[in-house]
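Structure, as structure tokens:
The values are calculated or read from the model by the stated rules, or taken from the named source; none is laboratory data. The shown structure was predicted, so the numbers you read here are calculated from the model rather than taken from an experiment. Counting neighbours? That spans all protein chains shown, and the Cβs are built from the backbone with ideal geometry, glycine included. Note: areas computed on protein heavy atoms with side chains; ligands, DNA, RNA excluded. Shrake-Rupley method; radii C 1.70, N 1.55, O 1.52, S 1.80 Å.
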Amino acid sequence: MDAREVAKHRSAASCWIVLHGKVYDVTDYLPEHPGGKSVLLRWAGKGYTDQASRVPGDEPRANRIGQQKDATAEYSKVHSPSTVEETLTKEKQLGPLDSATVECLDNGVNSASGSGAGVARNDAKQDAIPHIDLCVRLDDFVEPARRTISEQAFTYISSAADTLQSYHDNAEQWSKVSFIPRVLRDVSRVDLSTCMFGQRCAMPFFIAATALVGLTHPDGEAGLARVAAARGVHYSPSTYTSVPHAKIAKSHGEAAATGAGSGSGSASGPADSRLFSQLYVHSRKEKTLSLIQEAKRLGYRALMITVDTPCVGNRDEDRRLKIRDELELGGPLPESDADGEPRVVPGRNSGGLSQSLNWEDLKWIREAWGGPIALKGIQSAEDAKLAMEAGVEAVYLSNHGGRQLHSAPPCLATLLQIRRQYPEVLRRCEIFVDGGVARGGDILKAICLGAKAVGIGRPLLYAMGAYGPKGVHKAIDILKYELETTMALLGATNCKTVSELRAATERSRGKKSMSPITQE
Ligand code: HEM
Ligand SMILES: Cc1cc2nc3c(=O)[nH]c(=O)nc-3n(C[C@H](O)[C@H](O)[C@H](O)COP(=O)(O)O)c2cc1C
């Protein structure tokens, strides 16, 4: 592909982008790109630097810390090298750039005012953030992360649907439960371990699926996987990773092989961190099948199928930042009116995911996978019962960290509803929950009410963003300390005895009266 031709396609009307020395036509993909159009338009028809010497996914440090040299450098901070070819159809993959003509391309970004929000970390500001030892609870990672990662990354992580009601309700739900502790029980030894899908882990929480961890730190998901293996906790990498799944699995395997995680065993056996594949079902069945095959090949132990995302939730702050970025680009975009009329609000964005996904689809997914399955994003007792009847091994109560449906029920409300209406679900399926968990005590409340394990999302991303993998180690240390302390104060010695305790909940919002819950 001649560079002179590439240089002509630098607008929303025709947008070509050069990644890893190959040319892609992303014009039709512009409105679909979950990261916004502006990141693509910024690099449309532009030059590139030392591609030949670059190993995909292994960016030189200079490129990581803010010098946005070319599209590949920018893309690689966020995406795994294969994302583009997995996303675009073959005819949009236009072939290799003719290196003899490269000189004909402009360098620098298409921007009226510099490099836009960008995705680069502010590592230079690391000196200004508090010493990691000053982080004594998970919330303490938020401000250091805000200062270290890019505005775009922070907005992406922290944003949630509409008025943020689901997000705030998630955080508040945990304060609506009180323990009913027991005393005079020997708690000189406590065992935090539990099992998910029969796989023992050191503590009753796991690292929840979060897309594009590379936005927080260049180690991305590979860094999280290493920490998970070292600490004996399970991790569910997202469908959308910044690092290829093969590299995540390799990093996890290597860290597990060093035996670093074996110290986290218990009387019940050694903890053995496992990877569970989070699956977004794609609109193209063959793409979903290839994701399942890859998960099998890499030895992922379970499939967590996300069922709450027929389209991307409405996140105001995220959208505002992307629009600001597009406006800063200066060039007229087709949907913005030349007379300054407001642009048309785009339709819902499926992000390429299946919008027709239904209970029947579970059959072919189960057949292709052949292993244990959790449905992630169940938000009603009725669907929990249907999931049980569909034969899944686990029901994962989650509203996606409040990022999808506005006014979605927090997981605790759904859990209590299941206990009242269909308690058999708790006996026949493992229950996982997530959303707003910031304390070891919150985790034990969920266990006390019947959950098997709890997912942690944002807090670990903030820890990763602020301090890298050692921040995630520290966050896990904090949770471990809180879990041990709370368990002892509860008069419990392991997760089973926690689940046999009673708890009390506020009968309804705003009422102070507490209604005790007895275990069935
Ligand atoms: C310079 C190039 C690129 C940059 C800097 C970039 C950046 C980003 C960012 C920041 C996100 C986060 C989503 C958000 O903010 O809500 C994102 C998401 C995504 N991008 Fe890109 N992107 C680039 C090119 C591409 C290309 C060429 C493709 C494929 C054709 C692609 C596919 C995706 C997909 C599938 C997601 C969704 C991940 C999710 O929903 O979790 N990106 N991108
Ligand atoms: C930045 C970010 C990205 C996420 N990406 C995914 C994803 O790719 N797949 C998925 O099933 N859930 C995703 N989630 C939802 C998490 O798995 C989890 O349900 C949620 O973060 C839990 O809430 P918490 O952040 O309050 O702990 C994401 C959440 C965040 C914050």
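Residue by residue through segment 141-152, note down the ones that are within 13 Å of ligand 2 (Cβ to nearest atom) and either at pLDDT below 95 or surrounded by fewer than 22 Cβ atoms within 10 Å (Cβ to Cβ) (or both).
The initial filter retains those residues of segment 141-152 that are within 13 Å of ligand 2 (Cβ to nearest atom), namely 141-142, 145, 149, 152.
V142, Q152 - these are the residues of segment 141-152 that are within 13 Å of ligand 2 (Cβ to nearest atom) and either at pLDDT below 95 or surrounded by fewer than 22 Cβ atoms within 10 Å (Cβ to Cβ) (or both).
Step by step: first the residues of segment 193-234, then only those that are part of a helix (DSSP H, G or I) and not aliphatic (A, V, I, L, M), then the one that is farthest from N122 (Cα to Cα). Which residue is that?
Pass one, segment 193-234, residues part of a helix (DSSP H, G or I): 213-215, 220-231.
Filter once more, so that each one left must be not aliphatic (A, V, I, L, M): 214, 220-221, 223, 226, 231.
Numbers: G214: 14, G220: 16, E221: 19, G223: 19, R226: 23, R231: 28 Å.
Step by step, filter segment 193-234, then rank; the result is R231.
When every residue of segment 436-453 is checked against the conditions, none turns out to be surrounded by fewer than 24 Cβ atoms within 10 Å (Cβ to Cβ) and more than 17 Å from W174 (Cα to Cα). For segment 141-157, the set of residues classified as within 28 Å of T486 (Cα to Cα) and in contact with a helix residue (DSSP H, G or I) (Cβ under 7 Å, 6 or more places away or on another chain) consists of F141, V142, P144, A145, listed by residue number. Under 6 Å between Cβ atoms, which residue pairs at least 6 apart in sequence (or on different chains) link something in segment 452-470 that is more than 17 Å from R121 (Cβ to Cβ) and in contact (Cβ under 8 Å) with a residue 60 or more places away in the chain with a partner that is polar (S, T, N, Q) and within 16 Å of ligand 1 (Cβ to nearest atom)? Cβ pairs passing all conditions: G457/T210. Only a single item in (1) at pLDDT below 90; (2) on the phi > 0 side of the Ramachandran plot; (3) surrounded by fewer than 15 Cβ atoms within 10 Å (Cβ to Cβ) is not met by G116, and it is number (3).
Here is a check on your reading of the model: is D272 at pLDDT below 95 and in a loop (DSSP other than H, G, I, E, B)? Before the answer, list the steps.
Details: at pLDDT below 95: yes; in a loop (DSSP other than H, G, I, E, B): yes.
Answer is yes for this residue.
Could you tell me whether segment 408-426 includes any residue that is open to solvent by less than 10 Å² (accessible area, probe 1.4 Å), away from ligand 2 (no atom under 15 Å from the Cβ) and farther than 30 Å from A153 by Cα? Yes. Of all the criteria given as (1) in contact with a Phe, Trp or Tyr (Cβ under 8 Å, 6 or more places away or on another chain); (2) under 29 Å from D318 (Cβ atoms), the one not satisfied by Q404 is (1).
For segment 27-68: of the residues being of a type in the set (A, V, I, L, M) and more than 25 Å from the chain's Cα centre (by Cα), which is modelled with the lowest pLDDT? Spell out how you get there, then give the answer.
Applying the first criterion (of a type in the set (A, V, I, L, M)) to segment 27-68 yields 30, 39-41, 44, 52, 55, 62, 65.
Checking the rest, the ones that are also more than 25 Å from the chain's Cα centre (by Cα) come to 41, 44, 52, 55, 62.
Values: L41: 89, A44: 89, A52: 44, V55: 43, A62: 30.
My answer is A62.
Where residues in segment 26-40 are closer than 17 Å to K92 by Cα and not in a loop (DSSP other than H, G, I, E, B), which of them is farthest from ligand 1 (Cβ to nearest atom)?
Initial filter on segment 26-40 (closer than 17 Å to K92 by Cα): 26-33, 37, 40.
Filter once more, so that each one left must be not in a loop (DSSP other than H, G, I, E, B): 30-32, 40.
Values: L30: 10, P31: 12, E32: 8, L40: 6 Å.
Step by step, filter segment 26-40, then rank; the result is P31.
I need every pair where a residue in segment 395-406 that is among the aliphatic types (A, V, I, L, M) has its Cβ under 8 Å from the Cβ of a residue that is part of a loop (DSSP other than H, G, I, E, B) and at pLDDT 95 or above, sequence separation at least 6 or different chains. Pairs that qualify, where the first residue is among the aliphatic types (A, V, I, L, M) and the partner is part of a loop (DSSP other than H, G, I, E, B) and at pLDDT 95 or above, are V395/C429; L397/Q379; L397/A451; L405/A161; L405/D308; L405/Q379; L405/N399.
Filter segment 121-178 down to the residues that are of a type in the set (V, I, T) and farther than 27 Å from H406 by Cα and list them by number. Outline the logic, then answer.
Residues of segment 121-178 of a type in the set (V, I, T): 129, 132, 136, 142, 148-149, 155, 157, 163, 177.
Scanning segment 121-178 gives I129, I132, V136, T148.
Checking every residue in segment 439-454 against the condition of being basic (K, R) and more than 22 Å from V227 (Cα to Cα) gives at least one match. Considered as a group, the residues in segment 399-412 that are touching a helix residue (DSSP H, G or I) at 6+ places or on another chain (Cβ under 7 Å) and more than 16 Å from ligand 1 (Cβ to nearest atom) include one that is nearest to S515 (Cα to Cα), and that residue is L412. Residues in segment 188-208: is at least one within 16 Å of ligand 1 (Cβ to nearest atom) and either out of contact with any strand residue (DSSP E or B) (no Cβ under 7 Å at 6 or more places or on another chain) or of a type outside the set (V, I, T) (or both)? Yes, because at least one residue in segment 188-208 is within 16 Å of ligand 1 (Cβ to nearest atom) and either out of contact with any strand residue (DSSP E or B) (no Cβ under 7 Å at 6 or more places or on another chain) or of a type outside the set (V, I, T) (or both).
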